[in-house]
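Quick note: the coordinates plus some simple rules give every number you see, no bench work behind them. The model shown is predicted, which means the values in this text are computed figures rather than measured ones. FYI the Cβ positions are ideal-geometry reconstructions off the backbone, even for glycines, and counts take in every protein chain you see.
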Amino acid sequence: MGHKRISVFAEWDPEAGTYVATSGDVPGLVAEGENYDLLLDNLNGLIPELLELNAHLVPDSESPDHLIIVLLMKRETRLPAHA
């Protein structure tokens, strides 16, 4: 049947020590992970479940053969200005 592309944005929360991810393509998605692999594991479990639960909210909610997750991650790092 095809695929559905899901855009996810994750930002580092230094106080919690974890990435926090959300997506405008998946209503209700909020996922956390201490690193890329843990975050992706959480997303792989949550996204299909939330899409099914919110099918009435998501345009073009036909069941695709597979999902493509485009994960954009942001983390700021401070470096000394002088070596």
Once the dipole of the chain is set up with Lys and Arg at +1 and Asp and Glu at -1 on Cβ about the Cα centre, which of Leu51, Ala31, Ala10 lies farthest towards its positive end? Ala10
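What dipole magnitude, in Debye to the nearest 20, does the chain give about its Cα centre under +1 on Lys/Arg Cβ and -1 on Asp/Glu Cβ?
That gives the chain a dipole magnitude of about 320 debye.
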Show that you can apply the helix-only estimate: for the chain, add -39,500 (n - 2.57) for every DSSP H stretch of four or more residues, divide by all residues, and state [θ] at 222 nm to the nearest 500. -7500 deg cm²/dmol
Cβ-Cβ FRET estimate between Lys74 and His3, R0 fixed at 25 Å, reported to 0.05: 0.50
Taking amide hydrogens as modeled 1.01 Å from N in the peptide plane, which residues meet the under 5 Å criterion relative to Met73, leaving out close sequence neighbours? Ala10
Between the DSSP loop rule and a limit of at most 10 other Cβ atoms within 10 Å, which GluC sites (Glu not before Pro) in the chain are left? Glu15, Glu62, Glu76
Under-5 Å amide H pairs with Ser7, H placed in peptide plane, nonlocal only: Asp25, Val70
Indicate, rounded to the nearest 5 percent, the antiparallel portion of the DSSP beta bridges found entirely in the chain. 50
